[in-house]
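Asks: Quick one: the structure is below, questions incoming.
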Amino acid sequence: MPQASPLMFIQPQLSDTQEVPILPMSSLNEYLENNRDRFESDLSDWLRIPSVSADSSFSSNVKQAAHWLQSHLEDMGMTAELIETAGHPLIYAESPPVPGKPVVLVYGHYDVQPPDPLEEWTTPPFEPTIRDGNIYARGATDDKGQLLTHVKSARAWIESAGELPLQVKYLIEGEEEVGSPNLENYLSTHQHKLACDCVVVSDTSQFARGVPAITFGLRGIAYYELRLSGPKQDLHSGIFGGGVTNPANILARLLAALIDENGRIQIPGFYDDVIPLTDREREQFQALPFNEAQFISNLGVNGLSGESSYSTLERRWARPSCDVHGLWSGYQGEGTKTILPAQAGAKFSFRLVPDQDPASIGAGLREFFESRLPPGIEMELIDFNGTSGILVSLESPYIGAAARAIEQGFGCPPVFIREGGSIPIVSTFMRELGADVLLLGWGLNDDNAHSPNEKFSLADFHRGIRASAYLWQELARIEL
Ligand code: BES
Ligand code: MN
Ligand code: MN
């Protein structure tokens, strides 16, 4: 597990004199300016393909989205292969090696979340529409729009300078939104092919509009489904209620027991491996331009709650949490029906922080529930594949290069943040490839990822392409 990070980054040794192909700014800018419409229409074409990984009825569309990317990369002169897995395919592509220069691996995902509830979309999720400078479609920000910036930036180099200043490899998957079940295996059997000096991922967010960020920490996740069964069929609650254990009552009791009134998770040992926030880190979070009143009003809530004695940013980024995602039992229809339901269930997860281990969290959870199970209830606990949280060292020389590239793309330097979401494979990249990871988010927290009316700012799309084009140059200047 990486070290908790000091927030200063070290300036790397740069070379200005080496034969690095420096892309003349004017020709890059001209290329980017002249191709804005084409970049946008390519993004629209890709967004039109409904690559929903979770729902097997979309699997031919998922494959179609993979093919779209493959031919797009081939069209730029790269070798690009479609790799079949036990699930949805991977796309791997690479540009020619550039000896003496760092090798970059771009990771991203072309799969998207299911678009429901459909009736809440202003325009349909797979009919990309531009309104107020944003492109609206499922996958616009998560992750097709963000990912495409690193493809277009390479295209800009190839078409205006003739070649890239370093080797760029692409590993793009179609199963991120379902927890990347087949990627780890591919990684561990293809370490040589994927060897690189740093991994670049744009699947996070800016801190706020006009405040670009480099993310140095992500939370992990441990996801469960709990199924409780009671009597062999639904019963009359007047005849049997009070004498027969009700699975819906017990479901509510078990879920409620997970968190106390101070927002503390009650599983014994749950916090044992949590790396505490340092005073330094707390000060850095405090210094960020976070407007809590605005945050509250944007969400349409009348207040916030969470673990006591932590700020909202600390709770969201650096403390574990527990959320129920769905629960079901009994009668949901009109009017009343007096049953004691035979079954009850819920899906819920914990967001984890370094160094919490999903497997030991699962063991503690099972014991927690089993010890509270009254007679008359049988429990099934399904453990979906979990992933650990990460902290990236800010001492990597690549961080400085990324900061300079972002400044050139976005017009101001990035802030350094952690985020609460999870990208399952990132911890594996760090472990298996020993590479530094650059999490460079071009999205915004209000892009409606996973929600109705997902969008991506077209200005950020173009800024992201520009930052990425400069990133190749900045990384190529680092002395290996
Ligand atoms: N792009 C997100 C991850 C993310 C979101 C990182 C916000 C930082 C801020 C990714 O596509 C995602 O949604 N991941 C899932 C992982 C899960 C399906 C295992 C998540 O975080 O829920
Ligand atoms: Mn994503
Ligand atoms: Mn996502």
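The values are calculated or read from the model by the stated rules, or taken from the named source; none is laboratory data. Because the structure is a prediction, the values reported are computed rather than measured. For neighbour counting, all protein chains shown are included, and Cβ atoms are generated from backbone atoms with ideal geometry for every residue, glycine included.
Asks: Scan the strands (runs of 3 or more DSSP E) fully inside the range 408-480 and keep the ones with 2 or more residues being within 26 Å of residue 282 (Cα to Cα), touching an Asp or Glu at 6+ places or on another chain (Cβ under 8 Å) and at pLDDT 95 or above.
Replies: The strands (runs of 3 or more DSSP E) meeting that bar are 436-441.
Asks: Something else: Take the range 402-444 and flag every residue that is within 15 Å of ligand 2 (Cβ to nearest atom) and among the acidic types (Asp, Glu).
Replies: Listed by number, the list holds a single entry, 419.
Asks: Moving on. Limited to the range 317-349, what total is found for residues that are among the aliphatic types (A, V, I, L, M), farther than 24 Å from residue 204 by Cα and not in a loop (DSSP other than H, G, I, E, B)?
Replies: The number of residues fulfilling the criteria is 5.
Asks: Now for a separate question. Which one of 251, 255 is part of a helix (DSSP H, G or I), at pLDDT 95 or above and in contact with a Gly (Cβ under 9 Å, 6 or more places away or on another chain)?
Replies: It is 251.
Asks: Please verify whether the range 63-73 includes one or more residues that are among the hydroxyl-bearing types (Ser, Thr, Tyr) and farther than 20 Å from residue 154 by Cα.
Replies: The answer is no, given that none of the residues of the range 63-73 is among the hydroxyl-bearing types (Ser, Thr, Tyr) and farther than 20 Å from residue 154 by Cα.
Asks: For a quick check of your reading of the model, give me the residue pairs whose first member lies in the range 100-124 and is in the same structural domain as residue 47 (by TED's automatic domain parsing), whose second is among the β-branched types (Val, Ile, Thr) and within 11 Å of ligand 1 (Cβ to nearest atom), with beta-carbon atoms closer than 8 Å and at least 6 apart or on different chains.
Replies: 106/201; 107/201; 107/425; 107/426; 108/201; 111/178
Asks: What is the number of the single condition among (1) surrounded by fewer than 21 Cβ atoms within 10 Å (Cβ to Cβ); (2) away from ligand 1 (no atom under 11 Å from the Cβ); (3) in contact (Cβ under 8 Å) with a residue 12 or more places away in the chain that residue 421 does not meet?
Replies: (2)
Asks: Just to be sure before I move on: is residue 344 surrounded by 14 or more Cβ atoms within 10 Å (Cβ to Cβ), small (Gly, Ala, Ser) and touching a strand residue (DSSP E or B) at 6+ places or on another chain (Cβ under 7 Å) in the structure I sent?
Replies: yes
Asks: If you scan the range 143-173, which residues turn out to be within 12 Å of ligand 1 (Cβ to nearest atom) and either outside the structural domain of residue 468 (by TED's automatic domain parsing) or in contact with an Asp or Glu (Cβ under 7 Å, 6 or more places away or on another chain) (or both)?
Replies: 143, 146
Asks: Suppose we keep only residues that are of a type outside the set (A, V, I, L, M, F, W, C) and in a helix (DSSP H, G or I) within the range 177-190. Which one would you say is nearest to ligand 3 (Cβ to nearest atom)?
Replies: Among them, the one singled out is 177.
Asks: Shifting gears a bit: Out of the residues in the range 103-114 that are surrounded by 23 or more Cβ atoms within 10 Å (Cβ to Cβ) and away from ligand 2 (no atom under 14 Å from the Cβ), state the one that is nearest to residue 143 (Cα to Cα).
Replies: Within the range 103-114, the match that is nearest to residue 143 (Cα to Cα) is 105.
Asks: May I ask you to list pairs of residues, at least six apart or on different chains, whose Cβ atoms are under 9 Å apart, with the first in the range 285-312 being under 22 Å from residue 350 (Cα atoms) and touching a residue at least 24 places away in the same chain (Cβ under 8 Å) and the second being of a type in the set (Phe, Trp, Tyr) and surrounded by 10 or more Cβ atoms within 10 Å (Cβ to Cβ)?
Replies: From the range 285-312, the pairs are 311/285; 311/290.
Asks: Restricted to the range 115-146, and to residues that are part of a loop (DSSP other than H, G, I, E, B) and within 14 Å of ligand 2 (Cβ to nearest atom), which residue is farthest from residue 435 (Cα to Cα)?
Replies: Checked the range 115-146; the qualifying residue farthest from residue 435 (Cα to Cα) is 138.
Asks: Where the second residue is within 16 Å of ligand 3 (Cβ to nearest atom) and β-branched (Val, Ile, Thr) and the first is part of a strand (DSSP E or B) and lies in the range 191-210, which pairs have Cβ atoms under 7 Å and are six or more apart or on separate chains?
Replies: 201/423; 201/426
Asks: Sticking with this one: Filter the range 190-223 down to the residues that are away from ligand 1 (no atom under 13 Å from the Cβ) and among the basic types (Lys, Arg) and list them by number.
Replies: If the condition is that a residue be away from ligand 1 (no atom under 13 Å from the Cβ) and among the basic types (Lys, Arg), then 193, 209 are the ones that fit.
Asks: Being surrounded by 11 or more Cβ atoms within 10 Å (Cβ to Cβ) and in a loop (DSSP other than H, G, I, E, B) narrows it down to one residue among 314, 281, 225, 307; which is it? Show your work before the answer.
Replies: Numbers: 314 fails: in a loop (DSSP other than H, G, I, E, B); 281 fails: in a loop (DSSP other than H, G, I, E, B); 225 fails: in a loop (DSSP other than H, G, I, E, B).
Going through 314, 281, 225, 307 in turn, just one is surrounded by 11 or more Cβ atoms within 10 Å (Cβ to Cβ) and in a loop (DSSP other than H, G, I, E, B): 307.
Asks: While we're here: Which members of the range 175-190 meet the condition of being free of Cβ contacts under 8 Å to residues at least 40 places away in the same chain and crowded, with 23+ Cβ neighbours inside 10 Å?
Replies: Within the range 175-190, no residue meets the criteria.
Asks: Scan the range 143-161 and tell me whether some residue there is within 16 Å of ligand 3 (Cβ to nearest atom), among the basic types (Lys, Arg) and either in contact with a His (Cβ under 7 Å, 6 or more places away or on another chain) or closer than 30 Å to residue 27 by Cα (or both).
Replies: yes
Asks: Any idea which of 226, 187 is away from ligand 1 (no atom under 14 Å from the Cβ), within 27 Å of residue 59 (Cβ to Cβ) and touching a strand residue (DSSP E or B) at 6+ places or on another chain (Cβ under 9 Å)?
Replies: Unique residue meeting the criteria: 187.
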